[in-house]
Amino acid sequence: MIIPKPLRFTPAPGTFAFRPNVAVVPAFHADPACAWFVADELSQKIRVATGCFVTNRAGNHGQAAAPGSVVLTDEGAPSDLGQEGYRIEITPERVTLRAAAPAGLFYAYQSFAQLIQGHAAANGDTGRLTELPCAQVYDKPRFGWRGLMLDSARHYQPIEQIIRLIDRLAALKLNRLHWHLTEDQGWRLEILGYPKLTGVGAWRNNGKGRYGGFYTQEQVRDIVAYARSRHITVVPEIEMPGHNLAALAAYPELACNGASTEVTGKWGILDGVYCAGKEQTFRFLEDVLGEVAELFPGPYMHLGGDERKKGLWDSCPRCTEVRKAHGLAEESDLQKWFMQRVSGRVHESLLRRSISWGDNIDKGGIDGQIVHGWLPEQTAKAARQGHDTINSTHEWVYLDYPQNAEDHADRKPDWMIVLPLEKVYAFDPIPQNLEPQFHHHVLGSEATLWSEYIPDEAEMYHQLFPRLYAFSEAVWSDPGVRDFADFKRRLSVLQG
Ligand code: ACM
Ligand code: ZN
């Protein structure tokens, strides 16, 4: 009943009965605060499913909890569990959730919550679940990078919608929320040093009036903290050099021609490219990224780098002069120089690891930067060059694509291929043609939710589910335990 499927699930004889007064007992010395957080969440789930009165009681290593307790502990956790692995033992006497580190405990809780949910559903969801079959679970992930990319620019999601989304990610043991915050169609992140980015850049005319919105720095801190307590690292994406009409509408001087422009409601590869020949561009980006680093304490910063409209730099005297001064042959060399310059700053001054989309991989990746593949071969090329890489090859994991041919056929463009559940399920983050000696460079994958055609929460859930369940199994579970028919059975239980 667990999705993503655990490495080992071993049924055992007997049942664990929920007694009228269940104690949840954190005895987790590695991080007591995290364990209390898990205890609170778990108590709530048990209360709702069983109707029992649940208390949280501090426990200690070496102290047997009372019969009928649910124990959260790091005592005797095998070191091979790593940061995210866990064990669950359900015996007639007690339930033990065991992990070596807080993320593992959190995932033990998520699996146990699904077991409760599944058994409650199988018993008619009466709120009176009385027992669970005994079992042992041993589990750890195949990949460390398991994410979702959310585009908050094409359409804007209210903060509560993102909070609800984070809960859904956490339940599937996804640990990265890649937040696409800047685009031609809107700049969504408050930057104190450049107030017009949101004053002007967060708003567009959508034909009916003003459309848009942005996240204040306080809201961003809340989101980051909420995600962090659920072991999700928020990876901000500040896109460059293209996809920036909104920034250029706010600060036209950052464009090659300096001409005023508007935040657009059109989709595609547009003219919003920063001038690579102006020092002002780099000062601006350093300032912006400095604020971004203050807001996002996580170790990663995504710099975009995809789909720069070609030809703009070649027709700009400043860009051409800078390109020639550095002995660079063509625009894509200048893009590498641009990204190298900004990522150098990110690595050396802001002490973050940068990420960029794989569009320029034929020019060679950048030292220390993670390559985010989205077109076929980008991931394999990056890995062969010795770069760490995330595989989001669009035909497998772009969850904004329709689930079947009939789905929104009226308004989805032709290039959006159909991406059925089975195909997402069959996805392997390791490209099939990648030689084994490079496999370790594939950190994992992110599903994406580009939001051109996702105006609201209902549409977001329509696109995400059930495919995100399949995706979670593709990035967490061992290929040896994966089986689509079995997955569908578990899915039908969890989805009700
Ligand atoms: C992308 O889909 N342009 C990364
Ligand atoms: Zn220029």
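For this structure, a couple of remarks:
- Residues (on the phi > 0 side of the Ramachandran plot and either of a type in the set (D, E, K, R) or within 16 Å of ligand 1 (Cβ to nearest atom) (or both)) located in segment 223-276: HIS243, GLY268
- Applying the criterion of being farther than 16 Å from THR448 by Cβ and β-branched (Val, Ile, Thr) to the residues of segment 233-242, the residue that is surrounded by the fewest Cβ atoms within 10 Å (Cβ to Cβ) is THR233.
- Evaluation of GLN161 against (1) closer than 22 Å to TYR461 by Cβ; (2) buried (at least 21 other Cβ atoms within 10 Å of the Cβ); (3) not basic (Lys, Arg) (one fails), failing number: (2)
- Residue match in segment 101-124 (condition: more than 31 Å from the chain's Cα centre (by Cα), over 27 Å from ILE166 (Cα atoms) and without any contact (Cβ under 8 Å) to a residue 24 or more places away in the chain): yes
- Filtered residues of segment 346-362 (kept if within 16 Å of ligand 1 (Cβ to nearest atom) and among the hydrophobic types (A, V, I, L, M, F, W, C)): ILE355, TRP357, ILE361
- Scanning segment 392-409 for residues being at pLDDT 90 or above and either over 20 Å from the mean Cα position of the chain (by Cα) or in a loop (DSSP other than H, G, I, E, B) (or both) gives a total of 8.
- Unique residue being of a type in the set (D, E, K, R) and either buried (at least 21 other Cβ atoms within 10 Å of the Cβ) or more than 30 Å from HIS155 (Cβ to Cβ) (or both) when the list is ASP486, ASP414: ASP486
- Taken as a whole, the condition of being out of contact with any Phe, Trp or Tyr (no Cβ under 8 Å at 6 or more places or on another chain), within 14 Å of VAL397 (Cβ to Cβ) and free of Cβ contacts under 8 Å to residues at least 60 places away in the same chain applies to LEU421.
- Every test in (1) assigned to a loop (DSSP other than H, G, I, E, B); (2) crowded, with 16+ Cβ neighbours inside 10 Å is passed by HIS29 save one, and that test is (2).
- Within segment 346-363, one or more residues are of a type in the set (Lys, Arg) and under 21 Å from the mean Cα position of the chain (by Cα).
- ALA171 being within 16 Å of ligand 2 (Cβ to nearest atom) and either in contact (Cβ under 8 Å) with a residue 24 or more places away in the chain or out of contact with any His (no Cβ under 8 Å at 6 or more places or on another chain) (or both): no
- Condition check for GLN463: at negative phi, touching a strand residue (DSSP E or B) at 6+ places or on another chain (Cβ under 8 Å) and either modelled with pLDDT of 95 or more or part of a loop (DSSP other than H, G, I, E, B) (or both): yes
- Within segment 304-343, the set of residues being within 24 Å of the chain's Cα centre (by Cα) and away from ligand 1 (no atom under 16 Å from the Cβ) comprises VAL342, SER343.
The values are calculated or read from the model by the stated rules, or taken from the named source; none is laboratory data. Source: prediction; values computed, not measured. Please note: Cβ atoms are built from the backbone with ideal geometry, for glycine as well, and neighbour counts cover all protein chains shown.
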